[in-house]
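Take a look at the structure set out below.
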Amino acid sequence: MDHNSRSVLTVTDLHKKFKKNHVLNGLNLEVARNEIHGLVGLNGAGKTTTIECISGLKSFSSGSVRVMDIHPSNLHSAGGRFAVVFDTPCIHPNLTVHEAMEYALLTCGSKEPVSINELEEKLGIALYRKYKIKNLSLGNRRRTSIAQALIGRPEFIILDEPFSSLDAGGVDDLIELIRELNKNSGTTFLLASHQLPYLEKICTNISILHKGLISLSVSINELFGMENTKAVINTDKKERTLEVLSGIPGISLNNNNHSEGITVELSGITTAQLNRELISHDINVYELIRKRPSLDSVFRKITGGTAHV
Amino acid sequence: MSRTGLFTALRAESFILFKSRIIWVLLALPSLVSIIKMGLIKFSNITKGGNIPDTGYGYLVDGLLLSFTLTYLLFLCYSAYSFAIDCDRGITRNNVIRSISRKEIISAKYIILLITALVSLLITLSVTWAAAGLLWELGPVIEEGYQIIGVPEIKEEISLGLKLALIPLPASIALGLFFSVISKTAIQAISLSVGAGLILDVLKTFFENFQYYIFSSFQPSFFDNSYLNDVQRIVSGYSDVLIDERIHRLNMLVPVPEALFLFFLTLTIIKRRNL
């Protein structure tokens, strides 16, 4: 087992079919150590199936999967270095939160586990430690489930739909926790979600799963460089502004009714240069908003669909 | 299968079992039912005027038969439920990823269930024996002033009956685990075990001589009988009980290989099953 290899996950040409329905058609995915990797896809794209194949829970038709150089069927031998948090919290409903944590400690397989109290405090479930799991809200069950996964100090964690059923505060706490673990402990994350704005905030890399294949796998910076920057302009002379803009090279006007301002795409020109140009034509600029390309727009372009935000 | 993994699985399995209320059902219900039955019989004897002779050992074995039958059915169902419900709740998923292999999970369940079943039978035996001792005099079978069968012989027969009734226990639990791994949900597993258990019990006589090659023919049952049933008749003073040595031999030989077969079949299936 090579503990220092660069990749914690290598998926090569993965095929999976349910009866005649091909869900994964030669999926290739690589997650490098220390990455926070987002896996996005439409509903039914195969995100959960991919995770289940990676975790050794479902067999696959062909292809190869290595998690920290271990075959999925032998992941129990990883000694707790790998953990998965599924979209539905997998906890015994009759245990209390504290007992669920004790159970996780028993089964985590780690020689240096994190203290239960520390995790309960960190995940904000200390208040509920005597509550039975079945009496908790879905959000708190999810927090407990995440705390269970962290108890063995895993090096690589997969989170399936990590933000679903969490309130705004819970999402912020989770994002903060992922960042902290990534920065301080070097934990690698694979986050499968369709909550694109959250992924955009936190991920270092993004892979888009579409039609059973990874259609795009890039770093977040590369992703943002893939589209031209947009800007929304509000001025005192709308007609004159449109006339001026059409004469500036590197600017293309979007086909819209400009009801909330004029939207343009900038290519090779900055917003500051644009502002100067408009002022030089005696146009008063009330508002000039630079809109960064979003994961959502790239995602829509590739999948032709909408992500659920 | 590693020793560490199996040890972890055993600890995890006992942790869950002792935190749940089902343990009380498994350990106490058979004894409770047996006490209730014996109490009702005693009450009925008293109301009939006390003319019926109190052959205590007969009632004791009758109580044991009922409680053992219930224990077997309970453990068949619980072993079927045990793994299937863990799959339904996703607990097995986490365990196989973290530190325990699929085989270790099944082996740990098998060991824990077997130990719990033995403890349950021991409790049942002690409680039923104590209750029978309180309700009746546990003495020899006497008819018209003559001793037909003495206490040492009665105890010997009961001991043999219990031994023979215990032998199918591992196979019964292995059958439950087998149902558990082939079922998609816990409800399906329980239905399968209750249904198959009772159908096997009812239909085994249709298999004629072949029935003695099925382990469940020797376990205490609702519809048919095991040697324990014959013991009940012997210690109640019946003289028409025929002891077939061949059936005793099969009782000792058949259940163990069938338990092993079912257990390894379960391990083979679990290796490939989607979780």
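A few notes on this one:
- Where A meets B: accessible area buried, both sides, 1.4 Å probe, Å²: 2500
- Relative contact order for chain A: 20 percent, from Cα pairs under 8 Å spaced at least 6 residues apart, divided by residue count.
- For chain B, the longest principal axis of the alpha carbon atoms and the long axis of helix B:151-166 meet at an angle near 20°.
- Global geometry of the stretch A:110-168, whether rounded, prolate or oblate, following the gyration tensor of its Cα atoms and the 1.5 cut on a/c: oblate
- Out-of-range pairs (alpha-carbon distance over 32 Å; input A:Lys47/A:Lys134; B:Lys184/B:Lys204; A:Lys19/B:Lys19; A:Lys17/A:Lys291): A:Lys19/B:Lys19; A:Lys17/A:Lys291
- Percent of beta bridges antiparallel (DSSP, chain A, rounded to nearest 5): 65
- Nonpolar atom fraction for the stretch B:135-275, defined as the carbon and sulfur part of the 1.4 Å probe accessible area, stands at 62 percent.
- Using alpha-carbon coordinates, inclination of helix B:56-89 to the longest axis of chain B, degrees: 10
- Accessible surface calculations at 1.4 Å, restricted to protein heavy atoms, place the stretch B:39-173 at 40 Å² per residue.
- Cα gyration tensor, the protein assembly as shown - rounded (a/c under 1.5), prolate or oblate: prolate
- Excluding same-chain neighbours fewer than eight residues apart, the lysines reachable from B:Lys48 by a Cα-Cα span under 21 Å are B:Lys37.
- Sulfur and carbon atoms: percent of accessible area, the stretch A:148-246 [1.4 Å]: 45
- Under 18 Å from A:Lys183, Cα to Cα: lysines that are on another chain or at least 8 residues apart: A:Lys122, A:Lys201
- Between helix B:22-47 and chain B: long-axis angle, C-alpha atoms, 0 to 90°, nearest 10: 20
- Relative contact order of the stretch A:1-95, defined on C-alpha pairs under 8 angstrom at six or more residues apart (%): 31
- For the stretch B:158-231: rounded, prolate or oblate by the Cα gyration tensor [a/c cutoff 1.5]: prolate
The values are calculated or read from the model by the stated rules, or taken from the named source; none is laboratory data. Since we're looking at a predicted model, the values are computed, not measured. These area figures cover heavy atoms from the full protein model, side chains too; ligands, DNA and RNA do not enter into them. Shrake-Rupley method; radii C 1.70, N 1.55, O 1.52, S 1.80 Å.
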